[in-house]
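See below for the structure under consideration.
FYI, it's all coordinate maths here, none of it is from the lab. Computed from a prediction, not measured in an experiment: that's the story for all the values here. Here the Cβ is made from the backbone with ideal geometry for all residues, glycine too, and neighbour counts use every protein chain on show.
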Amino acid sequence: MRRPMRIAAFLTALAAAPSASADTIGVNGVMRSYTAQLPAKKPAPLVVVLHGKTQRGADMITRTAWPKVAKRQGFAAVFPDGLNHAWADARTKAGPELRGPPPGTDDVAFIAKLVEKLVADGTADGKHVYVTGVSNGGAMVMTLVCARADLFVAGASVIMNLTDESAATCHPSRPLPMLIMNGTADPLIPYEGGRGSSYFAADGFWSTEKTVAFWRQLNGCEADDASVTDLPDKSPADQSTVTRISSRCPTGHDVVLYRVNGGGHRMPGFSPDARFPRVATGLLGPQNGDIDGAETIWAFFSKFP
């Protein structure tokens, strides 16, 4: 089997997860599916969690700490499904070999209608809605913040950078706090920009530094770092460490970068994010175990109540 075919087969296996009951909502004549974890007390803060390409919402339920964090902290979490296991973010060139959603898919409308439904039925507090996602889901986070900043309090994008195309279409109605979490050894979304080393990598990505600078400018922050903090290396075996870089921003406009030094195309976590961790490491790079992505992102979101 050729290497590209092996990688495609692995990504499909990586996406496979036990089936979960899902609700549906009609958007532009198309039935869209999602799974919601409801809190005991309503209305509650809501976190929209967006999967990566080749995945579905169930993967974020079974392979991240979001369900556990939501239950402990008492917020609602919703895990939508992209069509063809992908999101129609602002980029039109999002990878040469992996199929995207059908032409004409409007995922901004889908997520907006989903949020509005959960607010209308009393599940979510409309003043406390947050959005996060990984990879293609991270690009969709940026697209949503740019297009519908009125819906959200803050956003968090994991293992994704901007492109010329996505930046040119970004005109948020107001500044929102933004967290970015990227690995320096990512073979798909290169930390330094350009094209990654993976067969499935697309070209034209900005560097993480340029991406952070873009959000700083949008949010009225100063151009230089406010502080650089190397976090404890709690998991030496993972071959990576984490550095937190904050910005000097107006109150409530925070921009924070978690640089995963030596980290791959993986969200940091205290438990494996893949069925076959060694294979995932070989294809996507190391997963950092010093921090947990969901725990870290919620700690950021909860600062903006």
Completion exercise
Once A223 and S246 are pulled to full extension, the length gained, defined as 0.36 nm per residue separation minus their Cα-Cα distance, is 7.2 nm
Practice task
Could you pull out every one of the aspartates and glutamates with an alpha carbon less than 12 Å from that of K303, ignoring same-chain neighbours closer than 8 positions?
Solution key: D254
Handout entry: Unit charges on C-beta of K, R, D, E only; dipole of the stretch 3-301, Debye
Key = 680
Completion exercise
Among P232, L118, A88, the residue whose Cα sits farthest towards the positive end of the charge dipole of the chain, when +1 is placed on the Cβ of each Lys and Arg and -1 on the Cβ of each Asp and Glu, is L118
Handout entry: Modelled label reach - F304, point 7 Å along Cα→Cβ, the stretch 257-271 residues with backbone N closer than 14 Å
Key = 257
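Return R148, R216 ranked ascending by Cβ neighbour count within 10 Å, so the fewest neighbours appear first.
Taking fewest neighbouring Cβ atoms as first place, the list is R148, R216.
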Fill in the blank from the handout: Cα-based Debye curve of the chain sampled at q = 0.13 Å⁻¹ gives log₁₀ I(q)/I(0) of -0.87
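Given a cut-off of under 8 Å on Cα pairs at least six residues apart, what relative contact order in percent is computed for the stretch 3-301?
Relative contact order comes out at 15 percent.
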Practice task
Please identify, among P272, P190, P286, the residue showing maximal mean-square fluctuation in a Gaussian network model of the chain using a 10 angstrom Cα cutoff.
Solution key: P272
Completion exercise
Of S207, S197, S227, the most mobile residue in a GNM of the chain (C-alpha springs, cutoff 10 Å) is S227
Exercise for the section: Counting other beta carbons within 10 Å of each Cβ, put F205, F304, F214 in order, fewest first. Expected result: F304, F214, F205
Handout entry: Entries of K68/K113; K41/K210; K71/K117; K68/K234 with Cα pairs more than 30 Å apart
Key = K41/K210
Practice task
Rank G264, G285, G155 by mean-square fluctuation in a GNM of the chain with C-alpha springs under 10 angstrom and give only the top-ranked residue.
Solution key: G285
